[in-house]
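Below is one structure, written out as structure tokens; comments come after it.
We did not get these values from a lab; they are worked out from the coordinates using the rules stated. Everything numeric here is computed off the predicted structure, so don't read it as measured data. Positions of Cβ are generated from backbone atoms using ideal geometry, with glycine treated the same way; all protein chains shown enter the neighbour counts.
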Ligand code: LMR
């Protein structure tokens, strides 16, 4: 009898020891809307590589680029329902979830990437990262893309050149106001529909980063591109809160570490790729590139920045002032 008890006990100890190894592997579905050859596309692939290598296959990452699984706003909803476990939408797509994130859409808010990083890594960035928790999400990182440029089928040199034109925008009230401030007509469209909307003349122009423009061929259906650097396009990477809480502390640490390293990797690439893609757009010889003089850029700045007071309440004047002050 005693022998049987000892044998059963030993069996239980062995089973407990091997249980983690037998546990079902965790699968992370990572959905995004851009091409693989973009800063976000590459950072997502790098994240997959790190997580799968370091977890010895215990954690699997399936990356779905090009809106192959979910489009724009649907992606955030899908993540809050745990249909996918990681998404990295641009700030503008969070408007109805965390309206304060429209801070990053404010035109001419950041002098350069260092200024942006100071805000993202400081108290403002931390406060905003925590806000997604109320929506059943956990903020894992901020990823860069870059500054947006304007394009249309005519040169956009002065703000009045945009008057009367229809511009595709992401779903942000700030972006809507920004285009209205120059007399243009903004129209919200998912990223996956921009190319055909430009091609068919549903909209006349758009704003985006050079990597998004080139990898989705927007330049092929726009005769003119203005290097306006008027606003910033970046991402908040989030995961589902329930999914996250179910992971062991070790798994969470592994994922967060891989995320932090992918952030460094992707942000470096963001600077390189946007420069590369400018050369590639130039090389096609099909789109005329316009650089603005300081005075010309200031004219856009003056007119677009008139919208700031409208957003003091929804974004928070303290967040806007804090971000501006970080650049002084
Ligand atoms: C857009 O819709 O233009 C961007 O948010 C796409 C992206 O994720 O970079």
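Observations on the structure shown:
- Calculated on alpha-carbon atoms, Rg and Dmax of segment 118-248 in Å: 17.3, 56
- Model label zone, residue 279; criterion: amide N under 14 Å from point 7 Å along Cα-to-beta-carbon; scope segment 139-158: none
- Whole-angstrom gap from segment 128-197 to segment 213-254, using each part's C-alpha centre: 14
- Segment 222-328 shape via C-alpha gyration tensor axes, a/c threshold 1.5: oblate
- FRET E, pair residue 24, residue 271, Förster distance 56 Å, beta-carbon r, rounded to 0.05: 0.90
- The label point for residue 195 and the one for residue 154, both projected 7 Å from the Cα toward the Cβ, are 2.7 nm apart.
- Separation of the residue 260 and residue 317 label points, Cα + 7 Å toward Cβ, nm: 3.8
- For the chain, built as a Gaussian network whose Cα springs stay under 10 Å, the top-fluctuating residue of 184, 35, 24: 24
- Modelled this way, with points 7 Å down the Cα-to-C-beta line, the labels at residue 82 and residue 249 are 2.2 nm from one another.
- Between residue 53 and residue 133, the FRET efficiency from the beta-carbon distance, with R0 = 41 Å, is close to 0.90.
- Helical mean residue ellipticity (222 nm; -39500 (n - 2.57) per DSSP H run of 4+; nearest 500) of the chain: -14000 deg cm²/dmol
- Comparing mean-square fluctuations of 259, 118, 236 from a GNM of the chain with C-alpha springs under 10 Å, the top value falls on 118.
- Multiplying the residue separation of residue 306 and residue 126 by 0.36 nm and removing their Cα-Cα distance gives an extension gain of 62.1 nm.
- Potential extension, residue 111-residue 298 segment - 0.36 nm per residue separation minus Cα distance: 66.1 nm
- Protection-proxy order for peptides 203-211, 262-270, each taking the mean of Cβ atoms within 10 Å per residue, highest first: 203-211, 262-270
- Column: log10 I(q)/I(0), Debye, Cα scatterers of the chain, q = 0.07, 0.15, 0.16 Å⁻¹: -0.32, -1.23, -1.39
- With a Förster radius of 51 Å applied to the C-beta separation of residue 227 and residue 62, the computed FRET efficiency comes to 0.90.
- Whole-number D in µm² s⁻¹ for segment 61-169, Kirkwood Cα-pair radius fed into Stokes-Einstein, 10 °C, 1.306 mPa s: 99
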